[in-house]
Amino acid sequence: MSARTGTLAALAVIALSAAYIVLLTSLTSLLRAGLARTPFGQGETPELVLGILAVSFTIVALVVSTVVVTNAFALVTATRIREIALRRLLGASARRERRRIAAQGARLGLLGTAVGIAVGAGIALAVFAANAGDGGMLDGASAADLVDPGAIVPLVALIASTALAAWRGSAAVLDASPVQALGLATAQETGGLESTRLRPAAAALLLTGLVLLVVAAIGGMLTPLAVLVGLAGGTVLAVGILTGSNALLPRVTALIARALPRTGPAAAAAHALREHPARTSRAALGVVISVAIVTMFVVATASVATSQAIEYEGSTDAVVVTEIMLVVLAVVGALTGVIAVISAIGLSTTVALSTRLRAREIATTRILGQNRGDAARAILIEGAVTSAAATLSGLAVGSVLGWVGAQSVLGSTLQSQLVTPVVPVLLVGVIAAVALVLTALSTIAPMRFVLADSPMRAFARA
Amino acid sequence: MTTSSPASPFAGAVVARTRALRREFGTDGARVAAVDGVTVAFERGRLTAIVGPSGSGKSTLMHLLAGLDHPTSGDVELDGHALGELDERALAALRHERMGFVFQSFNLMPALTALQNIRLPEQLGARPRPHDREWEASLIDRLGLAGMLGRRPAELSGGQQQRVAIARALAHRPAVVFADEPTGNLDITTGRDVLQLLAELVRGSDCGVVMVTHDPTAASYADRVLSMRDGRVVRESERSSAADIAAAMLEDAVAR
Ligand SMILES: Nc1ncnc2c1ncn2[C@@H]1O[C@H](COP(=O)(O)OP(=O)(O)OP(=O)(O)O)[C@@H](O)[C@H]1O
Ligand SMILES: [Mg+2]
């Protein structure tokens, strides 16, 4: 739980994203090359679909990793904020400090990307070697097809976003005068700088997205072309959620936290969550996105399958529906897996950060008579509420998008004109398990950090 | 618990005592006794100051008294409980119910208002246990906090923050309040005001205050002054002037 933790987390996230991007682009390019040489893939459509999928998942990975890396750098800066302020007090110029930190970010970005490229290329090569010459789809492709020059763009974007994240994480301290910097160091630790107002732009995006989705759902009764409206609506809504996350997620968290008792560890956890709404929402955002993507695909498939089963007098039995869903879950799960891991790292970094910054408060509360177990429970509850808020939000957003997608494509082909919305129990189970694992992962280290010391020693060290 | 009265019905009643208390730090090679055989008692309704040079063991003694640290040997008894017989959980509960703390750095929760800070300990238990609101109101009144209850610590001066901290320490009517350098971050006048208030609030009540300080002026507000050196209590005096305390401290320091 130190600057090193933050640096390592950032490095891991950058490497994972780079590996993901390389793997995704090279496998897509391989698949495209393989397909092109089969009669099956002569048309433009498969290539287009593959391309769209690859680009969207690359963008999602980029967005999530930028959010997580920004948070990780906030951790690094937060643990060094006094040191930075002190250096400035002793005469270091703001510009030099800023350059030092941004350079550190860029170095980290380069290193992580290099590691990621090596790992991603290695896996892609292994996949190629394992599948080449077995008469399968990849038979027509050569190893040269693994290299996709298009990968350069997202990789450069990744490095740039790392440097930017490092820069932004330290902006507050570096913008201030040296004396103010010391004061700001405290203000930032206490979260006085976070605003949770929903900005008009975000509100407009959300509203537009929702309206488009409703139009798509109704339009779907008439024509499958409504899916284009749905696509636009989903994209606008997603951008709205991204820009408004600082305002939206804290509200979900607060709603869940309201169900908690008002005393003991639960009160302490609720207090901690209220204190840093923006940080909490950044932590949860990656999880929301991953869960929403998986949910969207699964709900869409399940709804379509069920509606068709009903339409055709139940001739398609439940077993087949479940089988299709399992396949979709597996494919989308694999595509989303790395993004989910990145999100998990993000969540645990943030819980670590929040614990670290509140070390003195936690120690004070323990001196005032909170026992060790309750102190640990407070952190556990904080992590649980955050991951519950994130998974529930993802589940809700994904379900809506999934159903609207299914409805807009298929509504007009059904007698009832309405696709029956289905959220499979299996999905909810998997998501609940994910939330549980996330909570555990994100709270173990901070709990140990808090519990390792006696209250007095923790106080002295904070 | 009884309400305070100037007649001081508790004078002389012991709230905490130590017997042959010893706390060593370090490994076998280089062991130092930070507290070296201290036997003292602290009384209710009085402010007892512990003075002494840096490193003389004042803070260590206070931590042992509050059950925040465990002695190498010897015993602590607080409000009728032998601390050595209590586990972590019971010690935390005892701190919660029977002790109050005032820190040098105030240590209020930055995100909470002054009133929320005063009431923070109510929330630490399994069930909410509201303090006696009448007592709370009188504390707020006597500490001059009425106009600033809705403000956050960042919007309060150091002296105001320390007064909030004192209200927090006293709101649940503890048996004893521990204060480590409570005026260390305040200017002389503000520190004097804060101590005056603290002394007035406890004098004659059933609550005892144990205050650690470097500052002879601060110690002059105490009813009793214990001087420590090298882990031992080397001098004990009743209420004295700042000048006398300063002279004695100098003498003790030279005598080493
Ligand atoms: N956790 C610890 N580990 C090792 N040694 C310690 C520890 N805490 C205190 N000591 C030592 O015990 C001695 C007494 O320390 P203590 O903090 O009680 O002094 P003090 O009288 O409060 O000093 P000050 O006025 O500077 O606060 C010192 O020599 C100190 O180095
Ligand atoms: Mg001390």
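The values are calculated or read from the model by the stated rules, or taken from the named source; none is laboratory data. Here the structure is a predicted model, which is why all the values come from computation and not from measurement. Neighbour counts run over all protein chains shown; Cβ positions are idealised from the backbone, glycine included. Quick note on the areas: whole protein, heavy atoms, side chains included, nothing else; ligands and nucleic acids left out. Shrake-Rupley method; radii C 1.70, N 1.55, O 1.52, S 1.80 Å.
Starting from residues that are away from ligand 1 (no atom under 12 Å from the Cβ) and more than 17 Å from the chain's Cα centre (by Cα), keep the ones in region B:23-69 and report whichever is surrounded by the most Cβ atoms within 10 Å (Cβ to Cβ). So the residue we want is B:37. Take the residues in region A:134-155 that are farther than 17 Å from residue A:120 by Cβ and open to solvent by 50 Å² or more (accessible area, probe 1.4 Å), then tell me which one is modelled with the highest pLDDT. Looking at the filtered set, the residue picked out is A:142. Applying the condition of being away from chain B (no Cβ under 14 Å) and assigned to a loop (DSSP other than H, G, I, E, B) to region A:418-462 and asking which residue is farthest from ligand 2 (Cβ to nearest atom) yields A:418. Here residue B:94 meets the list (1) in contact with a His (Cβ under 7 Å, 6 or more places away or on another chain); (2) facing chain A (nearest Cβ under 8 Å); (3) under 20 Å from residue B:164 (Cβ atoms) almost entirely, failing just condition (3). In summary, residue A:334 fulfils each of the numbered conditions (1) modelled with pLDDT under 75; (2) open to solvent by 40 Å² or more (accessible area, probe 1.4 Å) with the single exception of condition (1).
Filter region B:122-136 down to the residues that are more than 11 Å from chain A (Cβ to nearest Cβ) and open to solvent by 50 Å² or more (accessible area, probe 1.4 Å) and list them by number. Can you show your working first?
Applying the first criterion (more than 11 Å from chain A (Cβ to nearest Cβ)) to region B:122-136 yields B:131-136.
Hits for region B:122-136 are B:132, B:133, B:134.
Scanning region B:137-155 for residues that are more than 14 Å from chain A (Cβ to nearest Cβ) and either part of a loop (DSSP other than H, G, I, E, B) or in contact with a helix residue (DSSP H, G or I) (Cβ under 7 Å, 6 or more places away or on another chain) (or both) yields B:139, B:140, B:142, B:143, B:144, B:145, B:146, B:148, B:149, B:150. Among the conditions (1) within 14 Å of another protein chain (Cβ to nearest Cβ); (2) away from ligand 2 (no atom under 16 Å from the Cβ); (3) at pLDDT 90 or above, the only one that residue B:179 does not satisfy is (2). The condition (being of a type in the set (Lys, Arg) and surrounded by fewer than 17 Cβ atoms within 10 Å (Cβ to Cβ)) is satisfied by just one residue among B:151, B:163, B:119: B:151. Within region B:163-170, not a single residue is away from chain A (no Cβ under 14 Å), more than 16 Å from ligand 1 (Cβ to nearest atom) and either closer than 24 Å to residue B:56 by Cβ or part of a loop (DSSP other than H, G, I, E, B) (or both).
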